[in-house]
Every structure is written in structure tokens, then in C-alpha cells.
1. Using amide H atoms built in the peptide plane, which far-off residues or other-chain residues are under 5 Å from residue 49 H to H?
2. Could you pull out every residue, at least 5 positions away or on a different chain, whose amide H is within less than 5 Å of the one on residue 150? Hs are placed 1.01 Å off N in the peptide plane, and Pro or chain starts have none.
3. Scan around residue 108 for amide H atoms under 5 Å from its own, H built in the peptide plane at 1.01 Å from N, and keep only partners 5 or more places away or cross-chain.
4. If DNA, RNA and ligands are ignored and the probe is 1.4 Å, what is the ranking of 96, 5 by accessible area, most exposed first?
5. Once phi is turned into θ = phi - 60°, what whole-Hz ³J(HN,Hα) does the Karplus curve with 6.51, -1.76 and 1.60 give for every residue of the stretch 129-136, x standing for Gly and Pro?
Amino acid sequence: LAFDCSNSNPAPVISGVNTLLLSASNIPVPDILALAATPSGDGIVQLPGTFGVNALSVATANIGVGGNITVTADTGDAALPLTLLVCETDPVSGACFRPLADSVTSSMSPGATSTFTIVVNGGGFVPFNPVTHRLFIRFRDGDGVIRGSTSVAVHTQERSRWRQVPPLRH
């Protein structure tokens, strides 16, 4: 996609922000719509410190045929000091059905909705650069073809912006 106005340069292409993933098949396949939500509600996973931990949730709907879908999270082309773990969750309680792992495979029926949590563990400082410092959540069919994806930005918050917890009173 290209966006341009008179007397200006086109907007830069930012993978996961203003790009479109298109997949096709000669046979019906799962088609996953995915929507990510961050705790701050702004599409940014904010890690509280260099080794901070935070999470995001992803809601999905399968608008294709049923099939097994493998869910993974990665940082795209950026080598970021993060560990990403995934689990499928109960949509009401948010509890993981199974322990966190590098990936999770879920059987998704036609028209079914599913929810997932991605836990982000910091392993170093991630500067604020939402163009290149992103988390990509990908949904692959049994042949490894991406049938849906979403992304959010990620960064390490400055210490002065950490949420302050009031001291305990005895």
C-alpha cells in the first residue's frame, strides 16, 4: 500500500502497521482475523525496566474452514532482547489452558473465536521505536502458511515512568 499527498514523499512502508498480508489457496483454509490489546490500550507493550515483564492479549475469529492453527510471537527482522511465550486462554477468566510455551497449536472450528496471551520478558533495554521494535503474533496453518497476524510496538519504559506502588501499611 502506498500513501501519498500532493507535494510530499510517500509515507514509509512499515511492516505490521501499513502493510497487508494476503494468502491464497486452491482449497478452503482457515482464515484468522486477529486483534491485539495491550494493557495500556495504546498498542504498545511497555516493559517496566530492562528485565521487566508485561503481556498482551489477542482475540481471534476464524472466518475460514476449521483446522489446526499454530500461534507464535516474534520480533520480525529486529533482534530485540526479549523472550516471548504464548498460551491459549479462557476468554472469560484469561487463565491459560496449558503452560506458556514458544508456540501453541489450537484446533479452530469455522466461525470460532479464541483468545491468547503473549508474555513478554525483557532481557535488555529496548528503545522506543514503534516502526522497528514490534512484536508480531502469527497464525500458521498445518502447512506453515501464515493465515493471520497482528502486531504491537514494544519498548522499555524509563524508570521515572514506572507505575508507583504505594508502600504497605502495617
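The values are calculated or read from the model by the stated rules, or taken from the named source; none is laboratory data. Computed from a predicted model, the values in this text were never measured in an experiment. Protein only, heavy atoms only, side chains kept; ligands, DNA and RNA dropped before computing areas. Shrake-Rupley method; radii C 1.70, N 1.55, O 1.52, S 1.80 Å.
1. For residue 49, the qualifying residues are 157.
2. Under 5 Å from the amide H of residue 150 lie the amide H atoms of 137, each far enough along the sequence or on another chain.
3. Long-range HN contacts for residue 108: 67, 68, 69.
4. Values: 96 60, 5 100 Å².
The most accessible residue leads, giving 5, 96.
5. Result, rounded to whole Hz: 8, x, 6, 10, 9, 10, 10, 10.
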